[in-house]
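The values are calculated or read from the model by the stated rules, or taken from the named source; none is laboratory data. A quick note: this is a predicted structure, and the numbers were derived from the prediction, not measured. Quick reminder, even Gly has a Cβ in these numbers, built from the backbone with ideal geometry, and neighbours come from all protein chains shown. Note: areas computed on protein heavy atoms with side chains; ligands, DNA, RNA excluded. Shrake-Rupley method; radii C 1.70, N 1.55, O 1.52, S 1.80 Å.
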Amino acid sequence: MFEVYIHVPFCLRRCGYCDFNTYTATDLGAGVSRGNYANMVIREMKLTKQWQLDHGIAEPPVSTVFFGGGTPTILAARDLVAMLDAVRKIWGIAPDAEITTEANPDTVNEYYINELAAGGFTRVSFGMQSAVPHVLKTLDRTHTPANVAAGVNAANKAGLRSSVDLIYGAPGESLDDWRTSVTTAIDLGVNHISAYALTVEPTTKMGRQIAAGTLPKPNDDDEAAKYEIADDLFAAAGLEWYEVSNWARPGYESQHNLGYWRNVDWAGLGPGAHSHYNAVTEADHPQSASLTAPAGGGCPADAGLGVVSVSHGLRSWDIAHPRLWGTAINENRVPWADSETITPEENLEELIMLGLRLHEGLDLDRINRAINDAGMSSTPQTLRNVSLDQLAPMVSEGLITVSDNHRVVPTRRGRLLNDSVIEQFFDFVGV
């Protein structure tokens, strides 16, 4: 599978809890403005495709496209459609592809959503966050619950699938506040809901307020109680958890996000976006081809092939600052800030971390094959296969279940203690 993620770094305003790579200015320099942004991303698509061709990477037609941000819907609908059309022209799009955009409820209406539907979009993910006015105010969100409902109704009329995102644990949010948000989201009739615990970064406005004592710090026990409330209410409404923070009716899971958790290939476009490839060669890094990145980052689109070596995984990330990102594109350079090899040991760690977040579970046989593959690498290590006997204590503690086909699935307690479950697996395998 091959996916495309497109980051749109523009926002109407910056929310107090947000530490994403977003900007409120309409023009960020080097051609990176709201009005010209689609053109810049399309140019990056062409550079990325050329890089893939130069390095012998042949991807299948795109299975999912996801526009995230920032606020993608701050751009004109025709610009999102133009970028989607470019993906179709450059890579091809599978007939049953999932095409999603995130949307701020303040930035869309029925006409906007109809234009997306006509242009090939299949899904809209609305940033609801809460249904309680004082919680929205604490989060610096300007939309109202009525705006969310209007957006979902417009998407339904246009034949698009809808999802809503919620955040729990905001300062001052009571358990009853959270129940109100969850039940309001369910009553919208959407088939997919994400619910994320608030993460407070010290450099954000909210982080500074908490450090100064003007807002209370989120409480782990409070967040755990809210997770359990959500899980119970979603399950009663027919929404099943399929990832630690995501619930859906069967068949309505986010295919794009499942791709991330299943470790497929994807190209990330836009300032700060990450890309991931499972099978590339030593030459795919600017460093391995003995190239010096020009000032401001980026690597030439025609980077040399170098010496072909054992295949490995590759992760790269675009230059974060939009002006420097745009400068690299204007100079016909793939706008990477840097890249790194994913070693067999790191790939093993990722398989464990991602698999233990999913309801489909961690394939123990696949993990043991990955351990054997890593054991053949040149890096000294002491990796060990995982046995069913080793897992028995975790089963007894109610952290995991193990199916007959050796899939390890976290229980709800295991989801709440996910970091601990992952650490125990790391200890088992020796990473």
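Among DSSP beta bridges whose residues both lie in the chain, state the antiparallel percentage, nearest 5. It would help to have the intermediate numbers written out before the result.
On the way: 27 of 59 bridges.
Antiparallel bridges make up about 45 percent of those DSSP assigns within the chain.
Near Ser163, the amide H atoms lying under 5 Å from its own belong to Val124, Ser125, Phe126; only residues 5 or more places off or on other chains count, and H is placed 1.01 Å from N. Measuring only protein heavy atoms, the 1.4 Å probe finds Phe426 accessible over about 40 Å². Here the 3J(HN,Hα) profile of the range 97-109, calculated from phi with Karplus coefficients 6.51, -1.76 and 1.60 at θ = phi - 60°, is 5, 8, 10, 10, 10, 6, 9, 7, x, 6, 10, 10, 9 Hz, Gly and Pro shown as x.
Percent of accessible area on the chain owned by carbon and sulfur, 1.4 Å probe?
52
Excluding ligands, DNA and RNA, the accessible surface per residue across the chain is 42 Å² with a 1.4 Å probe. Note on the chain: lysine pairs with Cα distance below 15 Å, sequence gap of 8 or more or different chains, count 4. Net charge of the neighbourhood of Gly268, taken over other residues with C-beta under 12 Å away and scored Lys/Arg +1, Asp/Glu -1, is -3.
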